[in-house]
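Novice: Structure provided below as structure tokens; questions to follow.
Please treat every number below as a calculation from the coordinates, not as lab data. As the structure is a computational prediction, the values presented were derived from the model and not from experiment. In this analysis, Cβ positions are derived from the backbone assuming ideal geometry, glycine residues included, and neighbour counts consider all displayed protein chains.
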Amino acid sequence: MIEVRGLTKRYGDVLAVDDLTFAVRPGEVTGFLGPNGSGKSTTLRMVLGLDAPTAGTATVGGRPYAAQPAPLTVVGALLDPGAVLPSRSAFHHLLALAAGNGLPRRRVDEVLADVGMEKAARRKAGTFSLGMRQRLGIAAALLGDPPAVVFDEPLNGLDPEGIVWIRQLMRSMAAEGRAVLMSSHLMSEMELTADHLIVIGRGKLIADMSMKAFIDMNSEREVLVRSPQAETLRGLLATAVDVRTEKDGALVVTGLEAAEIGALAAAGGVELHELSPRQASLEQAFMDLTRDAVEYQAETKPGTPTETMTETGASR
């Protein structure tokens, strides 16, 4: 298990991580979310012993990363897929890591096969595409067969087959009882992959709950309604929080349940062709919750397609 307790990190006057506490439990894929500048990368670096905390602790299996005698057998991590000598082959990169952690040579061949890189094993890493570097980084994370893994943006550069593969890999590792921590900005994939969510903003914990609870709590339910008497129905729905019309004429209603809309339509003699509750998305729930925690926000000027970046705070 990965445990973070009161973790704090200052860079001069910038408070990058502010008294953060959470746990990544075995048997779950835990999604780690936050806007740019929220402190995610700094937190991961402290978990992996790359940065020293100003206060608090980060442990894996009850011990700090630096205190692990063979760290790759305790936690595997992918933070930077480019962290490999470009002149070194995939095989020899992994062989060096194995030697440093007391792992047998056969593990190198095994993880290369696991990530589909047998044919590229002797190629120099400098010739790899971003997707191939990602696969090599994932192979390195799996090398010690660790009970905990940390993936920072593991989907970058992967093609559709690779995205499905890494999603299934993380789900299978959790099913084996491993603790899996995944950070990504791809909300659709996070929604398909994660069981639990840790959300931070400006270095502070915002949410620590299951995926379902997070979506239910932080997004409004919508109901899609189709009717040949849409305008009449709109008038009957004046009590709804929001009614908007889609391009095809359908109404999207927020603030009323489907049964309530159906009852109003029946009472008003309005014919309905469709009445479908819409499942809220992780993306919308995340954006609604973190709206006030965004460090850098694009503002679209009225009447133009261009965007300007407005700095709203320091970022690390």
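Novice: Applying 1/(1 + (r/R0)^6) with R0 = 22 Å to the Cβ-Cβ distance of Arg244 and Arg291, what FRET efficiency is obtained, to the nearest 0.05?
Specialist: Using R0 = 22 Å, I get an efficiency of 0.70.
Novice: Alpha carbon centre of the range 31-73 versus the range 204-219: separation in Å?
Specialist: One Cα centre to the other: 22 Å.
Novice: Is the range 190-259 best put as rounded, prolate or oblate by its Cα gyration tensor, with a ≥ b ≥ c the root eigenvalues, rounded for a/c under 1.5, and otherwise prolate when a/b is larger than b/c, oblate when not?
Specialist: prolate
Novice: Next up: With Cβ to Cβ distances under 13 Å as the rule, what net charge do the other residues near Thr21 carry (K, R +1; D, E -1)?
Specialist: Surrounding charge for Thr21 is -2.
Novice: If the viscosity is 0.692 mPa s and the temperature 37 °C, what Stokes-Einstein diffusion coefficient in µm²/s follows for the range 220-278 when Rh is the Kirkwood radius over Cα pairs?
Specialist: The estimated diffusion coefficient comes to 300 µm²/s.
Novice: Related question: Could you work out how far apart the two model spin labels at Ser129 and Ala99 are, taking each label as a point 7 Å from the Cα in the direction of the beta carbon, and quote it in nm?
Specialist: So the label points at Ser129 and Ala99 sit 3.2 nm apart.
Novice: What number comes out for the charge environment of Asp248, summing +1 per Lys or Arg and -1 per Asp or Glu over other residues with Cβ under 14 Å away?
Specialist: Summing Lys and Arg as +1 and Asp and Glu as -1 gives +1.
Novice: Another question, then. Per residue of the range 197-213, what does 6.51 cos²θ - 1.76 cosθ + 1.60 with θ = phi - 60° give for ³J(HN,Hα)? Whole Hz please, x for Gly and Pro, Karplus curve as stated.
Specialist: 10, 10, 10, 10, x, 6, x, 9, 6, 9, 8, 8, 6, 5, 4, 4, 4
Novice: Can you list the residues of the range 1-44 with backbone N under 16 Å from a point 7 Å past the Cα of Ala67, pointing along Cα to Cβ?
Specialist: Counting backbone N atoms under 16 Å from the label point, the list is 1-7.
Novice: Can you count the Lys pairs in the range 2-216 with C-alpha separation below 28 Å, eight or more apart or on different chains?
Specialist: Lysine pair count for the range 2-216: 5.
Novice: Multiplying the sequence separation of Arg10 and Asp114 by 0.36 nm and subtracting their Cα-Cα distance, what value in nm do you get?
Specialist: Contour length minus the Cα-Cα distance gives 33.5 nm.
Novice: Is the C-alpha gyration tensor of the range 162-228 telling us rounded, prolate or oblate? Criteria: a/c under 1.5 is rounded; beyond that, a/b larger than b/c is prolate, otherwise oblate.
Specialist: The shape class here is oblate.
Novice: Amide H to amide H, which residues 5 or more places from Asp19 or on other chains are under 5 Å from it, using H placed in the peptide plane?
Specialist: Hits under the 5 Å cutoff: Thr8, Lys9.
Novice: While we're looking at this one, here's another question. For labels at Ala213 and Ala267 in the simple 7 Å Cα→Cβ model, what's the distance in nm?
Specialist: Inter-label distance under the simple model: 3.6 nm.
Novice: Divide, for the chain, the radius of gyration over alpha carbons by 2.2 N^0.38 Å, where N is the residue count.
Specialist: The value comes to 1.21.
Novice: A further question follows. Would you mind computing Rg(Cα) / (2.2 N^0.38 Å) for the range 121-171, counting N as its residues?
Specialist: 1.15
Novice: Another one. So for the chain, taking the charge dipole from beta-carbon charges (+1 Lys/Arg, -1 Asp/Glu), which of Pro64, Ala121, Gly255 sits furthest toward the positive end?
Specialist: Working it through, the farthest residue towards the positive pole turns out to be Ala121.
Novice: What number comes out for the charge environment of Leu94, summing +1 per Lys or Arg and -1 per Asp or Glu over other residues with Cβ under 14 Å away?
Specialist: +4
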